[in-house]
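Asker: Handing you a structure now.
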Amino acid sequence: MNSPVLVVESYFDGERYHAGGPYTIRIIDGVIGEILPGDPGSSNATPNSAGDLIVAPFVMPGLTEAHCHLFLDGARLDPQVRKKYLHAPFPEMLQVGWKSLQADLAAGVTLIRDAGDLYGVNTHIKRELHRWTGRAPTLRSPGRAIRKAGRYGGFMAVEVNGPDDIAPTIRKIAATADDLKVLLTGIIDFAHGKMKGDVQFDLAQTRLIVQSARDLNLRTYAHCSGQEGLQIAVAAGIDSIEHGFFMSREILKAMAQKRIAWVPTFAPVYFQLAHPELAGWNARTLERLDAILQQHFEMVAQADAWGVPVLAGSDAGSCGVPHGTGLIDELFFLLRAGLPLEKVLAAATAAPRKLWGMAPANIAPGNAVDCVALAGSPFENIDFLRQVRLLVRCGEVFRPEDWRCPPAVPPAAAGPPAPVGVHS
Ligand SMILES: [Zn+2]
């Protein structure tokens, strides 16, 4: 079925909502041919005789998860279990990765940008995905990220030993990277409401990182929070800031000018606030967490108002952030920040594809079809965002559960890719 005809009550095209259907969306060989008002029974729209008729209340482009770690299971909460897992055999990690992919698809996610794993699960899965073209989500991956030797990010990044090592390390990991992920800072010290440790790379080094990546046609995205790191990221021209806690208006202005994207990843920090018992946070730490999140909501609203491209990424795989549903939660956080629903959905559909130089999936004539049908319009009831019914990709119409992750590790590939630039 690669020329189905979709009849919908309403749709979101990637940027705007079209209510007041029905609309008939004709697909020819996997490409959207025309969109006509009316259903095929009306005079305006006649069904393609070769196409099957699919009736759905609402469709929108497949969602994009801009930041996740496929090899990590966000539903695992015990810190000891999570630590031990980092020593698990590669096939076990690979199974987690495939399940993450399946959970994304079940939530309507058809484009995923992984944010780094040291073990090569992302690279391995990307290599295997061609087997399921048309059904499996599309994966962008950095392979391994980079970090300063001895600093935060051991589970996702190779170490860089000084400035002279920057360009050679990036060259080594570029072979399997779609983008370059850099760990520019550490993580947040929630108990004290500030960053842990200094920035990992100074401005000169970060500029060298950006330039080395650009020389290899790689965009850059930086794990970065705290004023000092954010100033460096923006001055060096990093393409996307991930997390970005402790943001300021001055930095947002510069981001708007330079069109630097922001993936604010509310979900993992919100989880800390919602489940203080797991980390043993006391009342004072909870106050700090709450203040950090409130400031984050305000800054994201300001970012949107000033035209900073805000993208939806959940950091799924982090403690308490499951794949798939985590991204939908993140959409709810963007709504809570005050972004209108059209902007929120664009942050997970049209915007990332445009920024990453990918073919658009907007529901418009001439685009390859990559859309998801929900049980109803989220513009009428936001909870429909959690009710995926069908996916239409490359003209194929299928339910998310019709695509199964491989039950076992493919025999010929039961091992990680050869280590690349791992300094151990
Ligand atoms: Zn992350």
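The values are calculated or read from the model by the stated rules, or taken from the named source; none is laboratory data. Note that the structure is predicted; figures quoted are calculated from it, not measured. Here Cβ is always computed from backbone atoms with ideal geometry, including for glycine, and neighbour counts include all displayed protein chains.
Residues checked against (1) among the polar types (S, T, N, Q); (2) over 22 Å from Asp304 (Cα atoms); (3) surrounded by 24 or more Cβ atoms within 10 Å (Cβ to Cβ); (4) in contact with a Phe, Trp or Tyr (Cβ under 6 Å, 6 or more places away or on another chain):
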{"position": "Thr206", "(1), (2), (3), (4)": "yes, yes, yes, no"}
{"position": "Leu218", "(1), (2), (3), (4)": "no, yes, no, no"}
{"position": "Cys224", "(1), (2), (3), (4)": "no, no, yes, no"}
{"position": "Gln231", "(1), (2), (3), (4)": "yes, no, no, no"}
{"position": "Gly237", "(1), (2), (3), (4)": "no, no, no, no"}
{"position": "Ile241", "(1), (2), (3), (4)": "no, no, yes, yes"}
{"position": "Met255", "(1), (2), (3), (4)": "no, no, yes, no"}
{"position": "Lys258", "(1), (2), (3), (4)": "no, no, no, no"}
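Asker: So if I check each of Glu250, Glu330, which one is assigned to a helix (DSSP H, G or I), over 21 Å from the mean Cα position of the chain (by Cα) and among the acidic types (Asp, Glu)? Full working, then the answer.
Answerer: On the way: Glu330 fails: over 21 Å from the mean Cα position of the chain (by Cα).
Going through Glu250, Glu330 in turn, just one is assigned to a helix (DSSP H, G or I), over 21 Å from the mean Cα position of the chain (by Cα) and among the acidic types (Asp, Glu): Glu250.
Asker: If you check Phe384 against the conditions, is it among the aromatic types (Phe, Trp, Tyr), modelled with pLDDT of 95 or more and more than 16 Å from the ligand (Cβ to nearest atom)?
Answerer: On the way: among the aromatic types (Phe, Trp, Tyr): yes; modelled with pLDDT of 95 or more: yes; more than 16 Å from the ligand (Cβ to nearest atom): yes.
So Phe384 passes the test.
Asker: Further question on the same structure: Just checking, how many residues over the range 245-282 are away from the ligand (no atom under 16 Å from the Cβ) and either farther than 17 Å from Ile188 by Cα or touching a strand residue (DSSP E or B) at 6+ places or on another chain (Cβ under 6 Å) (or both)?
Answerer: 13
Asker: Please count how many residues of the range 140-151 are more than 14 Å from Tyr221 (Cα to Cα) and free of Cβ contacts under 8 Å to residues at least 60 places away in the same chain.
Answerer: Restricting attention to the range 140-151, the residues satisfying the condition of being more than 14 Å from Tyr221 (Cα to Cα) are 148-151.
Imposing the further condition that a residue be free of Cβ contacts under 8 Å to residues at least 60 places away in the same chain reduces the set to 148, 150-151.
So the count comes out to 3.
Asker: How many of the residues making up the range 370-389 are in a strand (DSSP E or B) and in contact with a helix residue (DSSP H, G or I) (Cβ under 8 Å, 6 or more places away or on another chain)? First the steps, then the outcome.
Answerer: To start, the set of residues in the range 370-389 that are in a strand (DSSP E or B) comprises 370-374, 388-389.
Add one more test, that the residue is in contact with a helix residue (DSSP H, G or I) (Cβ under 8 Å, 6 or more places away or on another chain), and what stays is 374, 388.
So the answer is 2.
Asker: Out of the residues in the range 104-119 that are surrounded by fewer than 24 Cβ atoms within 10 Å (Cβ to Cβ) and closer than 14 Å to His69 by Cα, state the one that is nearest to the ligand (Cβ to nearest atom).
Answerer: Ranking the candidates gives Leu118 first.
Asker: Let me ask another. Would you mind finding the one in Arg336, Arg353 that is charged (D, E, K, R), surrounded by fewer than 17 Cβ atoms within 10 Å (Cβ to Cβ) and closer than 30 Å to Ala56 by Cα? Spell out how you get there, then give the answer.
Answerer: Working: Arg353 fails: surrounded by fewer than 17 Cβ atoms within 10 Å (Cβ to Cβ).
None of the other options fit; the residue is Arg336.
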